[in-house]
Amino acid sequence: MKIKLSFLSVLATSAIILACSSTGSKTTVSAETPKPIQLFNGNDINDWTPKIRLHEVGENYANTFRVEDGLLKVRYDGYDEFNQQYGHLAYNTPYSYYLLRVEYRFVDEQVKGGEGWAWRNSGAMLHGQDPNTMLKDQDFPISIEGQFLGGNGKDERTTSNLCTPGTNVVIDGTLFTPHCTSSTSKTYHGDEWVTADFLVLGDSLIQHILEGEVVLEYHKPQIGGGNVEPYDPAQKADGKLLNKGFIYLQSESHPIDFRKVELYDLAPYKDNKAKLDEIILSILPDPKFL
């Protein structure tokens with residue numbers, strides 16, 4: 001899929017003005033970078049709510065989500081078999097305009113009973129429904145998923161892909177209804193740490209960014225489609241644009257570590273495009289579009 005980097009192209013134009021001297025040399029963008037909110041504080045998950053399929057909201061079945069050695073870990077040593085007990089850990093504050101940064105790595109072996117597609121598979125769910133509105137046996141929150149995938153050491157397998165449980169998006173001006181689509185990322189093999197950024201601007205634009213490069217872009221996230229069962233019909237108003245929601249980390253049967261989950265709140269700048277562009281450019285690491 002050909003990705004139009006329209007928003008960051010505009011940022012690049014702005015950056016030429018903001019970040020270059022009269023001789024053409026690049027300097028640091030002058031915007032004052034806001035401090036990130038540490039969604040994961042390195043000590044506990046008291047600001048998060050687990051929702052694991054077949055269990056009530058708030059029940060952290062078998063200590064699936066835990067903090068050890070300063071890492072937020074997803075583990076299955078308390079499971080006899082996975083039994084499609086898909087888990088999601090929701091941060092308790094919803095957001096609308098933000099840049100989310102997640103550092104993750106896959107480790108160890110998949111738990112017994114995990115599906116083949118779920119090997120080295122996890123994700124960050126964006127604009128998700130309130131966990132308190134999920135049914136006990138609901139598999140996934142209605143949300144936009146930034147999918148994390150790990151490589152097997154030889155084959156290509158992109159990460160920061162898009163999946164859409166109960167949602168659709170617009171790509172290249174057309175409503176996109178398939179459940180998942182791949183990014184243009186490289187493959188990350190083994191247990192290496194990966195930093196994934198997600199630029200989320202309300203119901204207008206979402207970009208998946210790796211190593212300063214946009215690997216996937218889409219617009220107008222909205223409720224619609226399938227790939228979520230069962231659900232409360234009151235929570236699925238198909239066609240409704242998603243301009244905010246809860247952020248989740250996923251448990252899909254393969255152990256994973258998170259060492260950083262931080263968020264730059266961009267809501268204060270959403271009505272000042274020039275300032276918003278400056279702030280985004282000041283946050284992104286080594287943006288290769290400059």
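Here are a few things to note about the model shown:
- For residue 112 and residue 262, a Förster radius of 30 Å and the Cβ-Cβ distance give a FRET efficiency of 0.35, rounded to the nearest 0.05.
- Estimated FRET transfer efficiency when R0 is 25 angstrom, pair residue 191-residue 44 (beta carbons, to 0.05): 0.55
- Helix 6-19 axis, angle to the chain major axis (alpha carbon atoms, nearest 10°): 50
- Between the beta carbons of residue 132 and residue 154, assuming R0 = 51 Å, the FRET efficiency works out to 0.75 to the nearest 0.05.
- The simple spin-label model puts a point 7 Å past each Cα toward its Cβ; for residue 211 and residue 81 those points are separated by 4.1 nm.
- When the residues 59, 115 are ordered by accessible surface, computed with a 1.4 Å probe over the protein chains alone, the sequence from largest down reads 59, 115.
- Entries in 51/260; 35/275; 51/220 that, when Cα-Cα distance is taken, lie over 18 Å: 51/260; 51/220
- Accessible surface ranking that places the most exposed of 259, 105, 75 first, with a 1.4 angstrom probe: 259, 105, 75
- Put the Cα centre of region 229-290 next to the Cα centre of region 117-188 and the gap is 13 Å.
- Our helix-only sum for the chain, with -39,500 (n - 2.57) per DSSP H run of n ≥ 4 divided by its residues, gives a mean residue ellipticity at 222 nm of -2500 deg cm²/dmol.
- Residue among 240, 136, 273 with the largest mean-square fluctuation in a Gaussian network model of the chain, springs linking Cα atoms under 10 Å: 273
- Counting only heavy atoms of the protein chains and using a 1.4 Å probe, residue 213 has close to 90 Å² of accessible surface.
- Listed residues 70, 151, 173, most fluctuating in the chain (Gaussian network, C-alpha, under 10 Å): 173
- Accessible area per residue for region 148-290 is 39 Å², calculated with a 1.4 Å probe on protein heavy atoms, without ligands, DNA or RNA.
- Max mean-square fluctuation residue, GNM over the chain, Cα-Cα springs under 10 Å, options 52, 206, 279: 279
- Largest-first ellipsoid semi-axes for the chain, taking √(5λ) over the Cα gyration tensor eigenvalues, angstrom: 31, 21, 18
- Here the accessible area is traced with a 1.4 Å probe on the protein chains. For the chain, carbon and sulfur cover 47 percent of it.
- Straight Cα distances below 14 angstrom link residue 240 to the aspartates and glutamates 203, with same-chain residues fewer than 8 positions distant left out.
- Charge dipole of the chain (Cα centre as origin; +1 on each Lys and Arg Cβ, -1 on each Asp and Glu Cβ, all else neutral): 820 debye, rounded to the nearest 20.
- Cα gyration tensor shape of region 203-290, rounded if a/c is under 1.5, else prolate or oblate by comparing a/b with b/c: oblate
- Counted charge near residue 69, where neighbours are those whose Cβ lies closer than 15 Å (Asp, Glu -1; Lys, Arg +1): 0
- Gain on full stretching of the segment that runs from residue 184 to residue 32 - 0.36 nm per residue minus C-alpha separation: 51.6 nm
- This model, with +1 at the C-beta of Lys and Arg and -1 at the C-beta of Asp and Glu, gives region 119-257 a dipole about its Cα centre of some 240 debye.
- Separation in nanometres of the label points that stand 7 Å from Cα toward Cβ, at residue 271 and residue 54: 5.0
The values are calculated or read from the model by the stated rules, or taken from the named source; none is laboratory data. Fair warning: this is a prediction, and the values are worked out from it, not measured in the lab. Note that each Cβ is placed from the backbone with ideal geometry, even for glycine, and that neighbours are counted across all protein chains shown. Side chains are part of the model used for accessible areas, which takes the heavy atoms of the whole protein and leaves out ligands, DNA and RNA. Shrake-Rupley method; radii C 1.70, N 1.55, O 1.52, S 1.80 Å.
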